[in-house]
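J.: I am attaching a structure below and will ask some questions about it afterwards.
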């Protein structure tokens, strides 16, 4: 437990020292080795944190005064997702980034982003959450423009402006929350609001509107999604995998979960906004993905659609919670988080493979590909696994999480929502099958006769993720369920337990 | 009343950011928005005619609490200024790069990405 600060400190140190190494050892592999060591350590710590529950007091100041790091079921599960994907992405980029000169700068920004995300997950203080959110965001803005081509810079600028608007909304919300309760500690805020009882009045309503817009921008929910397709398709492939796989989930979905379920408490209006925001994201993201010819853009639109699933499950869970149907609410929240884990693994896999394909064929245009299954069998196989899982085909993990969300929606009486969930699944299958048909099956065009399989290092990462696309389904089996998923839904169900755990009451 | 003004300033910044076509004007819009937030944070902790939040021997704790301004938002504002400095610097750097590539600051002329 006392090692938990290393999850933030190690990547932050890496973010500082790795760019300096560019000066001294420009050619050596020391940077890669250091990056591996840091992510391996944080991954091990993240898995250890499953057994930890409690708070770590920074500089020894007790909760209401000092900033504290909180480990509970939700943050432990989130930490594993983030750090495991970061480890695989670092393994992948040690080969992928080889041809680009400033690898030290790349790893520096990468670790700043990782430190920011781990900080957002662990912190127990509203303002500190904003600070870590900005660390992760600013690093990601710079990484999107890392290639410094015209399109990349444009995408980075768009992302930067919309991201800054989102951050301003978040900090305004934090200020309002401080004005309303006189506290910045999340646990104290939730206790103060609970003592006042129900709703919390107009000020809390305005605050939650600010948070919804701010975190909604970071999660790319539909009215605020304009930046995501540009940013996620312009970034280098490993960064796209991080952005789509974990960044939008940590900065958007996790913050929504934490703030709405554990801090200010969810109300009827917020729950409905989450449901319909999720629904519109799902439908619009899927419809826009159907017409895309650019592989990475298609994946980016698919991310909008899949995050919609998670947010809708949260809304359904919150709405059922208000009606007092805790068992079904727990199922919906569990399904939502399960889908978050699956989507993180699958989308990271697909983006990494899109990078391997782009490097091998020199194009991202689906219509210029063809027959890649013959030329790159391993990449083809792992992509197929990811596609089947994300589209929700039975033995794969993505099927189980979607099934749980749909079952919870049906049991809770959300029939139109369940119909949308099923319809979007079919649409997802349709556009991913087009990817398979155009890029992987069929005869090999002459232009691609000389294409070779991706290097072993890159395949190592994708094969692990492809095994995850099948294996993660086991998380719902009894035994494993109590270890990861059940604690998450418990944290979200019993909003005030978080406060009691932090303040030791 | 003053809170409303801070909110109006925030909306002016938001309006500029969303509607303007010039990269530099967009950046100025973001700056206005971030300053509005800082102003709001300061107002949250402000007290008309309050003392500087430094306690000396002549004051009791109750007297201090009832008369001094709240120091916490001031600490927040400093942090938030530093953070917005970081993002604005990055924004300006990218805007300059875009100008080098396209020779213009007008987003209508450089927008090649399609939604």
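J.: Find all pairs meeting these conditions: Cβ atoms under 9 angstrom apart; at least six residues apart or on different chains; first residue within region B:91-115 and at the interface with chain A (Cβ under 7 Å from one of its Cβ atoms) and exposed (fewer than 12 other Cβ atoms within 10 Å of the Cβ); second residue assigned to a loop (DSSP other than H, G, I, E, B) and at pLDDT below 90.
T.: Between residues of region B:91-115 that are at the interface with chain A (Cβ under 7 Å from one of its Cβ atoms) and exposed (fewer than 12 other Cβ atoms within 10 Å of the Cβ) and residues that are assigned to a loop (DSSP other than H, G, I, E, B) and at pLDDT below 90, the close pairs are B:115/A:226.
J.: Hey, does region B:26-43 have a residue that's more than 23 Å from residue A:130 (Cβ to Cβ) and more than 8 Å from chain A (Cβ to nearest Cβ)?
T.: no
J.: Further, regarding this structure: Hey, any hits in region A:111-133 for a residue that's free of Cβ contacts under 8 Å to residues at least 60 places away in the same chain, over 23 Å from residue A:230 (Cβ atoms) and away from every other protein chain (no Cβ under 14 Å)?
T.: The answer is no; no qualifying residue exists.
J.: Now, a different point. Residue by residue through region B:15-25, note down the ones that are facing chain A (nearest Cβ under 10 Å) and without any contact (Cβ under 8 Å) to a residue 40 or more places away in the chain.
T.: B:17, B:18
J.: Same structure, new question: Please go through region A:399-448 and give me each residue that is without any contact (Cβ under 8 Å) to a residue 12 or more places away in the chain and in a loop (DSSP other than H, G, I, E, B), ordered by number.
T.: Hit for region A:399-448 is A:413, nothing else.
J.: Go through the residues of region B:65-72 one by one and say whether even a single one is within 21 Å of residue B:2 (Cα to Cα), facing chain A (nearest Cβ under 8 Å) and under 14 Å from the mean Cα position of the chain (by Cα).
T.: Within region B:65-72, none of the residues are within 21 Å of residue B:2 (Cα to Cα), facing chain A (nearest Cβ under 8 Å) and under 14 Å from the mean Cα position of the chain (by Cα).
J.: So, one more: Which condition breaks for residue B:48 when tested against (1) more than 10 Å from every other protein chain (Cβ to nearest Cβ); (2) closer than 30 Å to residue A:300 by Cβ; (3) under 23 Å from the mean Cα position of the chain (by Cα)?
T.: Answer for residue B:48: the failing condition is (2).
J.: So, in region A:171-184, how many residues would count as being more than 8 Å from chain B (Cβ to nearest Cβ) and under 25 Å from residue A:15 (Cα atoms)?
T.: Number satisfying all stated conditions: 0.
J.: Is it true that some residue in region B:1-14 is loosely packed, with under 12 Cβ neighbours inside 10 Å, away from chain A (no Cβ under 12 Å) and not in a helix (DSSP H, G or I)?
T.: Looking for residues that are loosely packed, with under 12 Cβ neighbours inside 10 Å, away from chain A (no Cβ under 12 Å) and not in a helix (DSSP H, G or I), one finds at least one in region B:1-14, hence yes.
J.: Would region A:59-71 turn up any residue that is closer than 30 Å to residue B:88 by Cα, surrounded by fewer than 23 Cβ atoms within 10 Å (Cβ to Cβ) and touching a strand residue (DSSP E or B) at 6+ places or on another chain (Cβ under 9 Å)?
T.: Within region A:59-71 (the criterion being closer than 30 Å to residue B:88 by Cα, surrounded by fewer than 23 Cβ atoms within 10 Å (Cβ to Cβ) and touching a strand residue (DSSP E or B) at 6+ places or on another chain (Cβ under 9 Å)), the answer is yes, since at least one residue qualifies.
The values are calculated or read from the model by the stated rules, or taken from the named source; none is laboratory data. Quick caveat: nothing in here was measured; it's all calculated off a predicted structure. A quick note on method: Cβ atoms are made from the backbone with ideal geometry, for glycine too, and the neighbour counts reach across all protein chains shown.
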